[in-house]
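The values are calculated or read from the model by the stated rules, or taken from the named source; none is laboratory data. Only a predicted model underlies this, so the values are computations on that prediction, with no experimental measurement involved. Note: ideal-geometry Cβ built from the backbone for every residue, glycine included; neighbour counts use all protein chains shown.
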């Protein structure tokens, strides 16, 4: 049987006095002495539940007055203009069927009261039933849809780069091993090393840390491509900004330099923030009331601001002349730390900064060397209230320069043979960036910990469900 | 500098006599005795390259006549109505800059000639430069965008279920272990077993085989959800239909029975096929000419057909009475094999079949027991020309029935505690299905082997790049 999403009923897509069926879960029930009950029914389609009014003349009213939070119900009723406060439309029940009871409501883990965010995390299978995680889920979905739409409208192709990989060429950190070897009976080769020839893939394999190098192969054939998939870091980081498993968005653009992708990143952020403001104001209003009062205004500020381009070298001067006593001293050549980034974005500029041209010694081997031979065409986008949200670069497309850089960094040409092929055969200037999706969702919603913006977070010691 | 995608120029988005810049890679070059060269330039934005006409009056014409396949170029030129055959629009070059040469054209692996599909697979980093893999990439992107659009328009939320998981509850087959333990120094516990307490997650973890059980937790809170992410099978299957790493689409719908999701699956397939026919007729025409002449007509047939619902029990009768000598004998209770499925879909019905209500003994523990207590509310969609393309079921939402089934199958209640919670607290009828994305792309394009429809295929012994 078809039924109406609560979002559609509340949005006025059905006429007053129409009969509709809604299905969902009870949020709260309140009985009136006048012989009727007010039941808030939620189905996840929008932030608000809808109020159902059930009279004691309904044949199963004895059941209705036993309804508790999370009981599932199917209601046939009449759409009414509400006279109560806080909602515009309500439903007069013609019938209410209980689909599922809650076993022992007194011990139900998601009873209708305030729970700490840490408590919710320990009940990750039930937490989508709460206001906050429901709102995060809708905003997360809105952002992901907007990301795909943004790239699709501009002629980018989504590329699924491999999750399991045999190369640690990115060198971005510790990796998870993927194996089917019998751990109680590891095979060894003649030299006494683990014999990965007997493993599933015939060699040692890992979970990917980034799809960038892989997606460059498609960029240098299809021009405009992007990835949107899971990536992994086996880092023992127990912070509010780190996950062992997280989703990444990585566009890669041929015939592009650093300023082209800096503009692309700015356009992308503005596009997806606008989508959230237009499509999910219900959830954003909740976040502004309960989580961080600035979440809406800071998105609006980003949408309406011109991102400020700043050279790393100039930033160092600004920081030195700031008169601030930073915990980490500032000197040309150091990596900027969070306190520096926040000072620049929040106090000095008051708008997102596209920081460009970092010292080559603190950046990855694939970034393009600038003419000064000291810096690379790399950028980070620093946003007020969160710090670094995007990191990107122009890639070194000149084979001779690339080979010199590999040698300088004591990296092996043979390990990069397929990557070098892209420079040997019709090389083109190209550039791209990476955007950590959970950090984006955390920034948009104001939720402090990335563990609360992904359904089942993976962190050191945690892989439940 | 901005430039025009070849797709836009060929689609007539620029006026005749407009000056445009295009950037791309040379496909072919032909020199005329009249002192000019015809250069086909491709940029991946559509199937066709654009023809550039370069006169020998260009100052670097000596370079131009040395251009070979895959050299990268930037062309400024005038849009012209073409008088040649096969293209409507061409470009008269005002200038042509060579961005990147091809090192040793004679040994360039993707030289302009026919390569076998197996040869291309061995050069997976260069194969997107070919007609066939370029076309697959655009169609794959079109399908994935259409999948997200379909669900988003209908109010579904995309849920990213975990890739790394500690539970093998689906029991769908062999899994890959994920670990950071030192393979040369495996820790053991008091009993002499591997001590996974010392592993990254504090327990043994694997790559997911399906997001279904996880996404049910969101379905029973948000009503309409879907996953679209990578899944893994450590099966030693070297067939044209198996990958160790593949992408899956898994919608899960609350307040739904089997027929609701059967209809959803039918609508989804029709929607995405229509998108391909509307948006990628250029690539589909290529597949029809070079790969399988039926690819367009069979998509049109699916779009225009009414899927036929058929009970497993009736199918067995039809197969028994078919007079066909099948390799695998048919008896109520057996799993249908490919020859049976193809006979039914291709010969008996001639349209996609939604096969329903399979014997419970050949299906998974979570499928809903029908009133006959012999069958479950499961379905497979069988398409002419490929066989099974979707598998789904209504889930057992009745706690007592579910517990009896676990006991019957000697499964442990404690292993399913969080899954059982969904049945203890406001349980609702719900159903869903899984669609293997690579099999879908293979079906749409007519490409025989799923290894050729994913950028970097992972199969036993293969994890290159």
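Within the option set B:317, B:341, B:396, B:346, being at pLDDT 95 or above and over 30 Å from residue B:412 (Cα atoms) holds for one residue only, B:317. In a residue-by-residue description of the stretch B:139-151, the property of being at the interface with chain A (Cβ under 8 Å from one of its Cβ atoms), buried (at least 20 other Cβ atoms within 10 Å of the Cβ), free of Cβ contacts under 8 Å to residues at least 60 places away in the same chain and under 16 Å from the mean Cα position of the chain (by Cα) applies to at least one position.
The condition of being within 14 Å of chain B (Cβ to nearest Cβ), more than 19 Å from the chain's Cα centre (by Cα), farther than 20 Å from residue A:438 by Cβ and surrounded by fewer than 23 Cβ atoms within 10 Å (Cβ to Cβ) does not hold for residue A:313. All but one of (1) in contact with a strand residue (DSSP E or B) (Cβ under 6 Å, 6 or more places away or on another chain); (2) at pLDDT 95 or above; (3) within 9 Å of chain A (Cβ to nearest Cβ); (4) surrounded by fewer than 21 Cβ atoms within 10 Å (Cβ to Cβ) hold for residue B:94; state the number of the condition that does not hold. Result: residue B:94 passes all but (3). Do the conditions hold for residue A:90, that is, is it part of a helix (DSSP H, G or I), touching a residue at least 24 places away in the same chain (Cβ under 8 Å) and not assigned by the TED database to the domain that holds residue A:440? Answer is no for this residue. Taken residue by residue, the stretch B:46-62 has at least one member that is buried (at least 16 other Cβ atoms within 10 Å of the Cβ), in contact with a helix residue (DSSP H, G or I) (Cβ under 9 Å, 6 or more places away or on another chain), at pLDDT 95 or above and part of a strand (DSSP E or B). Of all residues in the stretch A:175-185, those being within 9 Å of chain B (Cβ to nearest Cβ) and out of contact with any strand residue (DSSP E or B) (no Cβ under 6 Å at 6 or more places or on another chain) number 3. Listed by position, the helices (runs of 4 or more DSSP H) contained in the stretch B:370-465 that have at least 1 residues being within 30 Å of residue A:217 (Cα to Cα) and within 13 Å of chain A (Cβ to nearest Cβ) are B:437-445. Residues of the stretch A:414-442 that are surrounded by fewer than 22 Cβ atoms within 10 Å (Cβ to Cβ) and more than 20 Å from residue A:227 (Cα to Cα): A:414, A:415, A:416, A:417, A:420, A:421, A:424. Residue B:273 versus (1) outside any helix (DSSP H, G or I); (2) closer than 29 Å to residue B:455 by Cβ; (3) in contact with a helix residue (DSSP H, G or I) (Cβ under 8 Å, 6 or more places away or on another chain): which is the lone unmet condition? Result: residue B:273 passes all but (1).
Among the residues making up the stretch B:298-332, those that are part of a helix (DSSP H, G or I), touching a residue at least 40 places away in the same chain (Cβ under 8 Å) and in contact with a strand residue (DSSP E or B) (Cβ under 9 Å, 6 or more places away or on another chain) are B:298, B:302, B:312, B:313, B:315.
Can you confirm whether the stretch B:232-254 contains a residue that is over 19 Å from the mean Cα position of the chain (by Cα) and more than 30 Å from residue B:176 (Cα to Cα)? Within the stretch B:232-254, one or more residues are over 19 Å from the mean Cα position of the chain (by Cα) and more than 30 Å from residue B:176 (Cα to Cα). The set of residues in the stretch A:127-138 being more than 15 Å from residue B:151 (Cβ to Cβ) and buried (at least 22 other Cβ atoms within 10 Å of the Cβ) consists of A:127, A:128, A:129, A:133, A:134, A:135, A:136. Suppose we keep only residues that are within 24 Å of residue A:46 (Cα to Cα) and more than 8 Å from every other protein chain (Cβ to nearest Cβ) within the stretch B:221-231. Which one would you say is nearest to the chain's Cα centre (by Cα)? Filtering the stretch B:221-231 for residues that are within 24 Å of residue A:46 (Cα to Cα) and more than 8 Å from every other protein chain (Cβ to nearest Cβ), the one nearest to the chain's Cα centre (by Cα) comes out as B:228.
Restrict the check to the stretch A:413-426 and report whether at least one residue is touching a residue at least 60 places away in the same chain (Cβ under 8 Å), in contact with a strand residue (DSSP E or B) (Cβ under 6 Å, 6 or more places away or on another chain) and at positive phi. Looking through the stretch A:413-426, at least one residue is touching a residue at least 60 places away in the same chain (Cβ under 8 Å), in contact with a strand residue (DSSP E or B) (Cβ under 6 Å, 6 or more places away or on another chain) and at positive phi.
When the criteria are applied in full, residue B:160 meets the requirement of being surrounded by 20 or more Cβ atoms within 10 Å (Cβ to Cβ), within 8 Å of chain A (Cβ to nearest Cβ) and under 30 Å from residue A:3 (Cβ atoms).
Could you tell me how many of the residues in the stretch A:112-138 are more than 7 Å from chain B (Cβ to nearest Cβ) and part of a helix (DSSP H, G or I)? Residues in the stretch A:112-138 being more than 7 Å from chain B (Cβ to nearest Cβ) and part of a helix (DSSP H, G or I): 11 in total. For the stretch A:188-200, the tally of residues that are at the interface with chain B (Cβ under 10 Å from one of its Cβ atoms), out of contact with any strand residue (DSSP E or B) (no Cβ under 6 Å at 6 or more places or on another chain) and not in a strand (DSSP E or B) stands at 5.
For (1) farther than 30 Å from residue A:418 by Cβ; (2) within 31 Å of the chain's Cα centre (by Cα); (3) away from chain A (no Cβ under 13 Å), each residue gets a yes or a no:
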| residue | (1), (2), (3) |
| --- | --- |
| B:15 | yes, no, yes |
| B:26 | no, yes, no |
| B:30 | yes, no, yes |
| B:42 | no, yes, no |
| B:45 | no, yes, no |
| B:49 | no, yes, no |
| B:58 | yes, no, yes |
| B:75 | no, no, no |
